[in-house]
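This report refers to the structure that appears directly beneath it.
Bear in mind these aren't lab numbers, they're just calculated from the coordinates by the rules spelled out. Quantities reported herein were computed from a predicted structural model and do not represent experimental measurements. Here the Cβ positions follow ideal geometry from the backbone for every residue, glycine too, while neighbour counts run over all protein chains shown.
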Amino acid sequence: MPAALVAVLAGLAPGGVIAQEPSDDGSVRLGITYEPGRAPALSVAPVGAPSDLEVAAREVRLILERDLDYSDRFRITPPLLERVSDPPNYALWNEADVVYLVAADLTGTATRPVLRVGLHDVVYGTMTNVQAFSLPSPASPTFRMAVHRVSDRIVSWATGGQQGMAATRIAFRRRSSDGRSSLWIVDSDGENLTRVETGSADAVYSPSFSPDGARIAYTSRSVDATYGLHEVNLLTGRREEIASGQLLLTPEYTPGGELVWAWGRSGRTSIVTERGAVLSDTGADALNPTFSPDGRQMAYVSDPAGQPQIYVREVGRAPARRISVYVRGERSNAATPDWSPDGRRIAYSALVAGQWRIHTVNPDGTDRRQITSRGDSEMPSWAPDSRHLVFSVADSRGNSMWIADTVTGRSRILTSGFIDELADWSTPVR
Amino acid sequence: MNRMHSVFTLAIGLAVVSCGGNPEPEVFEFPPPVEEPAPAPVDDGSARLEAMAADLCAQAAQAMQAGDYTLARQRLEEVLASYPGTTCADGAPAQLERAMAMQTLTARIYFGFNLSEITDEAAGILAAKADVMNQHQAVMLTVEGHCDERGSLEYNQALGLRRAQAAADYLGSLGIDGARLRVVTFGEERPLAMGRNESAWAQNRRSEFVVTAGGLR
C-alpha cells in the first residue's frame, strides 16, 4: 500500500472503533491470524498489458490493491518490481516478507479485455490459483464492478473459500437541509455514488436489498404523512408500489425472497409478510425484522417491557428472547438489528450512557461486544463477508457513514458531509 | 408672475427717481387671492377609531391565517375593549369565538420519554377539544404523533403513531366519532424545538392537531 494511503487510513482508524480480539469465526485458515499488524503481506504486481490497454491495466491494479486492502485480511506491500517474471523470483519476494503475490496480465481487445490473474504463495514458492476473467470495456459503467469480482475471487483463494465484499453496493438514505430525504447507492469502495429515483416522496426510509441484489425495497412518506412500500428494480429502474397506509416501515427480504415489513395500524405496529401472516406478538410494537440465513429465526425490535429492545424468536413461534441489555428503570434503547450473513452474530445499536453505540452479539444473547465508542453510531448493516459493518456516525466532526472491520477494528469513512443513514449492504453483485 | 411684477415695479421706480421731484408712488393692484376651498367638517374621531380597529382586525385575521390564535385573540380582545361600536368590533365576538375554538382544537399535548400515555394535563386539553368538536360537528382533525430524537428513527415513527392514536382514542372515549379524526405519524422528523437537551426533547414529544374541515378558519 502506498505510504500516503497508509497514513490516511491510519489517521482514520483510531478512536471510533475498538479493536476486538480475533474472533473464532472460522476465518483462520492457512495459518493466517487476523490481528492488527499480523495479517499476511500481499503485493499486487503491476498488471502487464499491450499499449492500448496500459491505462486500463493501471486502473485494474489500483482497484485490486485497494479492494484487497479494504478486505482487511492482508497487509498490502508495494510491488518490488515493475515486471514480474514467470515464475516470479519467490526468494526475492520472500525476503521482502511478502506472503501472497498477485500477478496479472490484461490481454484481448480494448472493448473485450481479458484479465488473467494468478495468486502466488511466496512462502511455498508456488502459484496456488490462476484464472482468466472476461471484462467489459474499461469505459463501461460495469467495468469496476467486474474487477471487484476478481478481487473477491482472490480473497476466496487466499482464505480457503471465504466470501469477500468488494463487489457489493450499499443503499442508504440521505437527508437534505430542508428535511426531505432521498435514496442513494454507492459501491462499497465509495465509488459510483448514485441517486435512485423515488418520485415525489417527502421522505424515504429503510432501503433493503433483495437476496439477488437487483432490487431495493424501501418505504416512503408523503407530505401529508401517508406511507408507501415500494420496490425499485436497479437494472430497469422500474418502481412499483407494493402497499400504502398509515405506517409502513423496515422492509426486509427473507432468505427465501419473501418481503416482510412492519405495518402500523390503529396505533400498533406489527411485523407482517407479503402473504398477510403476522410474525410478531400483538401486545407490543415490533419492527426491524432480520432473518437467520436459514430463515428459521427472526431478530427484531420490540417493546413489551416499555423500552425498545432486540428480541429473537423462531419464525411463527413464541416465545421471543431478549438479546440486548435492558435495565429496569433506566432509559435504555436498542434498535436496528442485522443478522450476519454467516448467521453467527447480530449487530445492533443501543444507547450507552445516552449515546448510540454499535454492538454485536451471538443470536443466543451471549458474547455481547461493543464495537464503537465515538459519537452516536447507529444503524449497522453487515457486509456479505460477515466481518465488516457499515453504520452512521454523528459526532463533533459532523455526520458520516463508516465501514469497520469487526475483526481488526480497522475502519474507514464511506461518505461524509451528509446525514447518510439506514444503510443496507447488498449481497455480492453478479 | 410675481417676479415679472417686481421687475416692472423696480423699473418704474428708477424712472421716477431719474426724473427728480416727489412723484406719487404708483399703486398697483395685486391680483385677488385665490379662493381657498371650504374647510372640511370638524373630525369627531370616529373615522380614526374605525381605521385603528380595522387595522387590529386585519392583524387578527393575519394571525388566524398563520395559526397564531393567541395573537388573534389578543387583537380581537383589544378591539372589543378599546374600539367598541366600530364595524370591526361588531364582528369581533364571532371572530373571537372562532379564534378560541381554533386555539383549543390545535392545542398540543405532550408525552413522557418513550411513552404514549395521556397525562392528566393532556386529558384536560383533549376534553376541551371534544367540547369544541361537539359544538362544531363539521370539524375534522388530523392528529399527528411526534417524538424527540433519542429513539431510533424507525422506532420513533411507530411511537409517534402510538401517541397520535392514544390522543384519538381519548377523544373517542369522549364521544368523538373516529371518522372525524385522521391519525398520522411524523416520528422525530418534524421537531418543534432544536437542541439536545431535556427542554427541547420535552417540547418535541407531542401530538399536534390540524383542523382539516369545519369552517372555523
Exercise for the section: Could I have the simple spin-label model distance between A:Glu274 and A:Arg296, label points 7 Å from Cα toward Cβ, reported in nm to one decimal? Expected result: 2.4 nm
Fill in the blank from the handout: trypsin sites (Lys or Arg not before Pro) in the stretch A:225-278 lying in a DSSP loop, each with at most 16 other Cβ atoms within 10 Å of its Cβ, come to A:Arg238, A:Arg275
Fill in the blank from the handout: Rounded to the nearest Å, the spacing of the alpha-carbon centers of the stretch A:223-256 and the stretch A:37-66 is 41 Å
Exercise for the section: Count the net charge of all other residues whose Cβ sits under 15 Å from the Cβ of A:Thr236, scoring Lys and Arg as +1 and Asp and Glu as -1. Expected result: -1
Completion exercise
Over the Cα atoms of the stretch A:226-347 the radius of gyration and the largest Cα-Cα distance (Dmax), both in Å, equal 14.8, 51
Problem - Descending Cα extents along the principal axes, the protein assembly as shown, whole Å - result: 140, 88, 43
Handout entry: Estimated FRET transfer efficiency when R0 is 56 angstrom, pair B:Thr212-A:Thr142 (beta carbons, to 0.05)
Key = 0.65
Handout entry: Most positive-pole-ward Cα, A:Pro363, A:Ala335, A:Gln162, against dipole of the protein assembly as shown from beta carbon charges
Key = A:Gln162
Problem - Average Cα contact separation per residue, chain A, under 8 Å, 6 or more apart, as relative contact order % - result: 13 percent
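Share of antiparallel DSSP beta bridges in the stretch A:35-158, in percent to the nearest 5?
About 70 percent, rounded to the nearest 5.
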Fill in the blank from the handout: Quick calc, A:Arg321 & A:Val130: beta-carbon distance into FRET formula, R0 51 Å, rounding 0.05, result 0.60
Practice task
Report relative contact order for the stretch A:182-255 in percent, whole number only (criteria: Cα-Cα under 8 Å, sequence separation at least 6).
Solution key: 25 percent
Exercise for the section: Tell me the label-point distance for the pair A:Glu54, B:Thr119, using the 7 Å Cα-to-Cβ offset, in nm and rounded to one decimal. Expected result: 7.4 nm
Completion exercise
Neighbour-count ranking for A:His230, B:His146 (other C-beta within 10 angstrom, fewest to most) reads A:His230, B:His146
Exercise for the section: Pull out a ≥ b ≥ c, the square roots of the eigenvalues of the alpha-carbon gyration tensor of the stretch A:29-131, then state rounded if a/c is under 1.5, prolate if not and a/b is larger than b/c, and oblate in the remaining case. Expected result: prolate
Practice task
Enumerate the calculated ³J(HN,Hα) couplings along the stretch A:392-406 in order (Karplus 6.51 cos²θ - 1.76 cosθ + 1.60, θ = phi - 60°), each rounded to whole Hz, writing x wherever the residue is Gly or Pro.
Solution key: 9, 10, 10, 9, 4, 8, x, 9, 7, 10, 10, 10, 10, 8, 6
Handout entry: For the stretch A:367-391 versus the stretch B:165-183, the gap between their alpha-carbon centres in whole angstrom
Key = 42 Å
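Starting with the fewest neighbours, write out A:Asp285, A:Asp395, A:Asp69 ranked by other beta-carbon atoms found within 10 Å of each beta-carbon. Before the final figure, lay out each step's value.
On the way: A:Asp285 26, A:Asp395 14, A:Asp69 23.
Neighbour counts put them in this order, fewest first: A:Asp395, A:Asp69, A:Asp285.
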Problem - Fluctuation leader among A:Val98, A:Val232, A:Val55 - chain A, Gaussian network, Cα springs under 10 angstrom - result: A:Val55
Exercise for the section: Note the direction-averaged projected area, equal to a quarter of the hull surface, for the Cα convex hull of the stretch A:173-425, in nm². Expected result: 13.3 nm²
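Quantify how much of the Cα-Cα distance distribution of the stretch B:48-103 extends past 15 Å, in percent. Walk me through the intermediate numbers first.
On the way: 505 of 1540 pairs.
Result for the distance tail: 33 percent.
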Exercise for the section: Considering Cα pairs under 8 angstrom that are at least six residues apart, work out the relative contact order of the stretch A:173-425 and quote it in whole percent. Expected result: 11 percent
Exercise for the section: Quick one: P(r) of the stretch B:108-213 from all Cα-Cα pairs, 10 Å bins, percents rounded to integers, in order of increasing distance. Expected result: 17, 49, 27, 7, 0
Problem - Assigned charges on the beta-carbon of Lys, Arg, Asp, Glu; the protein assembly as shown dipole about Cα centre (debye) - result: 2180 debye
Exercise for the section: Counting residues in the stretch A:42-194 as N, plug N into 2.2 N^0.38 Å and put the Cα Rg over that result. Expected result: 1.15
Problem - Length released on extending from A:Ala353 to A:Ala305, taking residue separation times 0.36 nm less the Cα-Cα span - result: 15.3 nm
Problem - Charge dipole (the stretch A:248-403, unit charges on Cβ, about Cα centre) - positive-most of A:Leu259, A:Gly316, A:Ser396 - result: A:Ser396
Handout entry: Likely footprinting exposure, A:Ser266, B:Ser199, A:Ser51, A:Ser332, fewest C-beta neighbours within 10 Å first
Key = A:Ser51, B:Ser199, A:Ser266, A:Ser332
Problem - Inter-label distance, nm, simple model (7 Å from Cα along the C-beta direction), A:Ser85/A:Val123 - result: 2.4 nm
Fill in the blank from the handout: Cα extents of the stretch A:226-274 per principal axis, largest first, Å, are 37, 26, 13
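Explain nothing, just the number: dipole magnitude of the stretch B:108-213 about its Cα centre with +1 on each Lys and Arg Cβ and -1 on each Asp and Glu Cβ, in debye rounded to the nearest 20.
160 debye
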Handout entry: Whether the stretch A:243-305 is rounded, prolate or oblate, judged on the alpha carbon gyration tensor where a/c under 1.5 counts as rounded
Key = oblate
